[in-house]
Amino acid sequence: MDLRELARENVLVAAHRGTWMGNIPGNTMMAFNMALREGADIIELDISRSMDGTLYVFHPGTEPHFLKSQKLIAQMTDAEVRQQRLINSDDAPTQYPVPLLDEVLEELKGRCVINLDKFFFWPREIIQTVRRHAMVEQVIVKTEQDEKFYRLMEELAPDFPYMTFAHDVDRDSEMLAGRALHYLGSEALFRTEDSEFATPEYHEKMHRMGLLTWANAIVFNYKTVHSAGHTDDLYAFGREDDGWGYLASLGYNMIQTDMVGPCVRYLTSRGWRSA
C-alpha cells in the first residue's frame, strides 16, 4: 500500500486503537473492524511485550485501567497474559483476551495501513514479526527525531515506511528525506498556534519534498496538548470546523481520531475526501 498515493486526493483518517465503545475494548479486532466499517484508512494500534518475549496488542502502562491489573504485561508470562480479560467502557470485565500481534496482523492483512505504535520500545522484534507476515508495505513505524533511531532504521529496516514524532518544531525531516530510508514525513505535535506546524507554509514545504504530515486530534490527557486544542472534543460542540477542519485546511494529510465515523463524514462533506 502506497501511503503517498492514498493521500494524494484524500485526507486520510487514522483510528486511534480502532473504534471502541460499549462492550468493545480498544486495541481489539472488534474495534479495528468497527473502525474500518466507519471508513478508517489507517488503524493505529499499540504493542506490549511479555516476559516471554511475545508481542501483544496493548498500550503499555494502561494495565490498571484496561485489565484491572497492577502488574504490567512486561512483568507477566504468556500464561498470565492469556488469563487476562479486557475491561469495557462500564468498567466491567469482557470475554475478550489481550490479542497477539501475530493474530491482528493476519486479520488486517491487505485491508488497511497499520500504524504500529510503541515500535521504538521493541524495534527488532517488531521488524522481525512484520517481515514474517510479509507486510512491510502495509505498516508505518515511528520514532522520536533522534540519530540513534535513524541509524537503527538504516541498519534493520530501511525499507519500512517510517515517520518521526516532531514536537513544536521539525528539526530533521529535510535531512531524513535524503537518507537511505523509506521516510514518509512527520507526526506534528504542537501545543500552540505559534508553532510552524500551524502554518500552511510548513505543509507546502513538506509536500514539495514528497513528504506527508500527520495530525493528532485525540485527547489522551487534557494536560498534554497535541494540536493547539483543535481536537476531537470540538465535534461535541458543533465546532468541527475548528477541529478537523482547521487541521485539514492547514494541509495535513492524515488525522488521527477517536471519532472515526463523524470525522470521515465531516471531511467528505467538506470535500477533503471523495465520497
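The values are calculated or read from the model by the stated rules, or taken from the named source; none is laboratory data. Predicted, not measured: the structure shown is a model, and the values here were computed from it. Note that we place each Cβ from the backbone using ideal geometry, even for glycine, and neighbour counts take in every protein chain shown. Please note that ligands, DNA and RNA were not included when accessible areas were found on the heavy atoms of the full protein model with its side chains. Shrake-Rupley method; radii C 1.70, N 1.55, O 1.52, S 1.80 Å.
Restricting the search to segment 10-28, which residues are aliphatic (A, V, I, L, M) and either under 12 Å from the mean Cα position of the chain (by Cα) or open to solvent by less than 30 Å² (accessible area, probe 1.4 Å) (or both)? Before you say what the answer is, go through the steps one by one.
Filtering segment 10-28 for residues aliphatic (A, V, I, L, M) gives 11-15, 21, 24.
Within segment 10-28, Val11, Leu12, Val13, Ala14, Ala15 qualify.
List the helices (runs of 4 or more DSSP H) that sit entirely inside segment 29-95 and contain at least 3 residues that are open to solvent by less than 20 Å² (accessible area, probe 1.4 Å) and at pLDDT 95 or above.
By residue number, 29-37.
Among (1) free of Cβ contacts under 8 Å to residues at least 40 places away in the same chain; (2) over 28 Å from Val264 (Cα atoms), which single condition is Arg37 missing?
Exception for Arg37: condition (2).
From Met206, Met254, Met259, grab the single residue that is modelled with pLDDT of 95 or more and over 21 Å from Thr19 (Cβ atoms).
That would be Met206, the only listed residue that is modelled with pLDDT of 95 or more and over 21 Å from Thr19 (Cβ atoms).
Residues of segment 1-28 being basic (Lys, Arg) and either assigned to a helix (DSSP H, G or I) or touching a strand residue (DSSP E or B) at 6+ places or on another chain (Cβ under 9 Å) (or both), which ones?
Of everything in segment 1-28, those that are basic (Lys, Arg) and either assigned to a helix (DSSP H, G or I) or touching a strand residue (DSSP E or B) at 6+ places or on another chain (Cβ under 9 Å) (or both) turn out to be Arg4, Arg17.
For segment 142-171, give me the residue count where each residue is in contact with a Pro (Cβ under 9 Å, 6 or more places away or on another chain) and either polar (S, T, N, Q) or at pLDDT below 95 (or both).
The number of residues fulfilling the criteria is 1.
I need the full set of residues from segment 75-105 which are over 21 Å from the mean Cα position of the chain (by Cα), under 25 Å from Arg132 (Cβ atoms) and of a type outside the set (S, T, N, Q), in order please.
Those that are over 21 Å from the mean Cα position of the chain (by Cα), under 25 Å from Arg132 (Cβ atoms) and of a type outside the set (S, T, N, Q): Met76, Asp78, Ala79, Glu80, Val81, Arg82, Tyr96, Pro97.
Return yes when Thr213 is without any contact (Cβ under 8 Å) to a residue 60 or more places away in the chain and open to solvent by 50 Å² or more (accessible area, probe 1.4 Å) and no when it is not.
Judged against the criteria, Thr213 is not a match.
Modelled with pLDDT under 95, touching a helix residue (DSSP H, G or I) at 6+ places or on another chain (Cβ under 9 Å) and either more than 24 Å from Glu125 (Cβ to Cβ) or not basic (Lys, Arg) (or both): does that describe Met1? Before the answer, list the steps.
Details: modelled with pLDDT under 95: yes; touching a helix residue (DSSP H, G or I) at 6+ places or on another chain (Cβ under 9 Å): yes; either more than 24 Å from Glu125 (Cβ to Cβ) or not basic (Lys, Arg) (or both): yes.
So Met1 passes the test.
Of the residues that make up segment 253-265, is at least one surrounded by 19 or more Cβ atoms within 10 Å (Cβ to Cβ), among the hydrophobic types (A, V, I, L, M, F, W, C), closer than 27 Å to Ala31 by Cα and more than 18 Å from the chain's Cα centre (by Cα)?
There is no residue in segment 253-265 that is surrounded by 19 or more Cβ atoms within 10 Å (Cβ to Cβ), among the hydrophobic types (A, V, I, L, M, F, W, C), closer than 27 Å to Ala31 by Cα and more than 18 Å from the chain's Cα centre (by Cα).
Can Glu193 be described as at pLDDT 95 or above, under 25 Å from Val13 (Cα atoms) and of a type outside the set (S, T, N, Q)?
yes
Take the conditions without any contact (Cβ under 8 Å) to a residue 24 or more places away in the chain, touching a helix residue (DSSP H, G or I) at 6+ places or on another chain (Cβ under 8 Å) and not in a loop (DSSP other than H, G, I, E, B) and apply them to Leu234. Does it pass?
It is true that Leu234 is without any contact (Cβ under 8 Å) to a residue 24 or more places away in the chain, touching a helix residue (DSSP H, G or I) at 6+ places or on another chain (Cβ under 8 Å) and not in a loop (DSSP other than H, G, I, E, B).
Of all residues being open to solvent by 40 Å² or more (accessible area, probe 1.4 Å) and not hydrophobic (A, V, I, L, M, F, W, C) in segment 230-239, which is farthest from Gln256 (Cα to Cα)? Just the residue, please. Walk me through it before giving the result.
In the first step, residues of segment 230-239 are kept if they are open to solvent by 40 Å² or more (accessible area, probe 1.4 Å); the result is 233, 235-239.
Then keep just the ones that are not hydrophobic (A, V, I, L, M, F, W, C); that gives 233, 235, 238-239.
Details: Asp233: 13, Tyr235: 14, Gly238: 19, Arg239: 17 Å.
The qualifying residue farthest from Gln256 (Cα to Cα) is Gly238.
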